[in-house]
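J.: Got a structure for you, questions after.
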Amino acid sequence: MDTTRIKRYLDSFATNVVNKAKLNLKKDKGNTALGESIRSEVIHEDKSFSVNFYMDDYGTFLDKGVSGNEKKRTFTNYKSETKPSPYKYTTKQPPTGILEKWIKKKGLKGRDKKSGRYISNLSLAFLIGRKIKRDGIKSLSFFQKPFGEGYNELKETMLKKLKLDIETYLTTFYRPKQKIK
């Protein structure tokens with residue numbers, strides 16, 4: 001049986017999930033390197049297909065959130081169920097070096113609470129890191145939501161497509177020369 005139609009359908013499913021995930025991420029975070037890293041691949045081996053999705057590692061933390069040591073975070077999975085985040089800050093906070101780069105890129109300036117003077121980027125990075133450790137990172141579910149929508153659609157329409165492919169294959173394969181009585 002010709003499997004190109006099935007592969008094309010799975011490619012379409014994967015492409016739609018990736019495009020919607022990128023759009024969701026862009027709405028929440030703007031254009032990011034993470035958005036550029038999201039991609040998919042449909043693999044056909046022997047008699048099976050697999051659809052793989054890829055993104056930078058930290059994308060999973062943004063998608064599912066990270067619980068802080070005081071505040072628990074949840075995310076909405078592809079089945080639209082609210083689940084606790086599998087990730088948690090325990091003893092360490094985010095590295096100040098990475099936060100410093102982000103502060104500089106965004107042009108942020110922190111001020112001292114008492115005197116109102118500007119504080120160094122390192123001090124601001126430490127304070128932001130401490131807050132992230134305490135409160136965690138809110139889930140964006142930027143990938144889970146489009147994957148769930150696409151998966152539900154895939155379940156509903158894939159059987160119809162397979163049935164049509166099988167019927168087409170059987171009528172093409174079996175063409176009687178005379179009517180069967």
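Derivation of every value follows stated rules applied to the coordinates shown; laboratory data play no part. What you are looking at is a predicted structure, and each value in this text was computed from that prediction instead of being measured. Neighbour counts run over all protein chains shown; Cβ positions are idealised from the backbone, glycine included.
J.: Any chance you could run the full-extension gain for residue 54 through residue 19? It's 0.36 nm times the residue separation minus the Cα-Cα distance, nm to one decimal.
T.: Full-extension gain reported as 11.3 nm.
J.: Given a 10 angstrom Cα cut-off, can you work out which residue in 17, 66, 42 is the most mobile in a GNM of the chain?
T.: Of the options given, 42 has the highest mean-square fluctuation.
J.: Pairs of alpha-carbon atoms within less than 8 angstrom and 6+ residues apart define the contacts here; what relative contact order does region 1-64 have, in percent?
T.: Once normalised by length, the contact order is 29 percent.
J.: Would you mind checking 27/105; 22/104; 72/160; 20/92; 20/109 for any pair whose Cα atoms are more than 31 angstrom apart?
T.: Too far apart for the 31 Å limit: 72/160; 20/92; 20/109.
J.: I would also like to ask the following. What do you get for trypsin sites (Lys or Arg not before Pro) in region 1-94 restricted to DSSP loop and a cutoff of at most 14 other Cβ within 10 Å of the site's Cβ?
T.: Those that pass, being in a loop and sparsely packed, are 47, 71, 72, 79, 92.
J.: How much FRET efficiency would the formula 1/(1 + (r/R0)^6) give for residue 61 and residue 12, where r is the Cβ-Cβ distance and R0 is 25 Å, rounded to 0.05?
T.: Using R0 = 25 Å, I get an efficiency of 0.30.
J.: Let me ask another. Would you mind calculating the gained length between residue 44 and residue 118 on full extension (0.36 nm times residue separation, minus the Cα-Cα distance), in nm to one decimal?
T.: 20.9 nm
J.: When only Cα pairs under 8 Å and 6 or more residues apart are kept, what is the percent relative contact order across the chain?
T.: Once normalised by length, the contact order is 25 percent.
J.: Pull up the DSSP beta bridges for the chain and report the antiparallel fraction as a percent, rounded to 5.
T.: Values: 13 of 14 bridges.
DSSP beta bridges in the chain are roughly 95 percent antiparallel.
J.: Let me ask you something else. So I have (1) 1.67; (2) 0.95; (3) 1.53, and one of them is Cα Rg over 2.2 N^0.38 Å calculated from this model. Which one is it?
T.: (3)
J.: List the aspartates and glutamates whose Cα sits under 12 Å from the Cα of residue 145, skipping any in the same chain fewer than 8 residues away.
T.: 63, 81
J.: At what distance in nm do the modelled label points of residue 33 and residue 5 sit from each other, each positioned 7 Å from its Cα along Cα→Cβ?
T.: The answer from the label model is 4.4 nm.
J.: On to the next question. What ranking of 49, 75 emerges when the number of other C-beta atoms within 10 Å of each C-beta is taken as an exposure proxy, fewest first?
T.: 49, 75
J.: Same structure again: On a 0 to 90° scale, report how tilted helix 96-106 is relative to the longest principal axis of the chain, with both axes built from alpha carbons and the result rounded to the nearest 10.
T.: 80 degrees
J.: A further question follows. Quick one: helix 4-29 against the long Cα principal axis of the chain, what's the angle to the nearest 10°, folded into 0 to 90?
T.: Value to nearest ten degrees: 20.
J.: Taking only DSSP H segments of four or more residues, each worth -39500 (n - 2.57), what value at 222 nm results for the chain once the sum is divided by all its residues, to the nearest 500 deg cm²/dmol?
T.: -17000 deg cm²/dmol
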